[in-house]
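> This is the structure, below, for whatever I ask next.
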Amino acid sequence: MSEETTNVIIEQTKLMQLDLIITIQKMKIKELDARAETLRARSQMERFRLNQMTNEFKGLEDGKKN
């Protein structure tokens, strides 16, 4: 095998490694996006619950005043 062929194989191998690294990073980004979406949904649910509890409390307070 010539030195040129060896160098081409080495460069192709490096490119394949970089391609794998990029693919893995993209997968990690997708995972983080999914986690962020889950946290946004939880936060929205908690805000809704807090608003409900606040409204219930205000209703109780209004009931005491009358």
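Read-outs: derived from the displayed coordinates by stated rules, not from any lab. All of these numbers come straight from a predicted model, not from anything done at the bench. Virtual Cβ from ideal backbone geometry, glycine too; neighbours counted across all protein chains shown.
> Along the charge dipole of the range 1-42, pointing to its positive end and built from +1/-1 on Cβ of Lys, Arg, Asp and Glu, which listed residue (9, 36, 22) has its Cα farthest out?
36
> Mind listing the phi-derived Karplus ³J(HN,Hα) values for the range 3-17, rounded to whole Hz, using 6.51, -1.76 and 1.60 with θ = phi - 60°, and x for any glycine or proline?
These are the phi-based 3J(HN,Hα) values: 5, 5, 4, 4, 5, 5, 4, 4, 5, 5, 5, 4, 5, 5, 4 Hz.
> How large is ³J(HN,Hα) for each residue in the range 27-42, as worked out from phi by the Karplus curve 6.51 cos²θ - 1.76 cosθ + 1.60 (θ = phi - 60°), to whole Hz, x for Gly and Pro?
Using θ = phi - 60°, the values come out as 5, 5, 4, 4, 5, 5, 4, 5, 5, 4, 5, 4, 5, 4, 5, 4 Hz.
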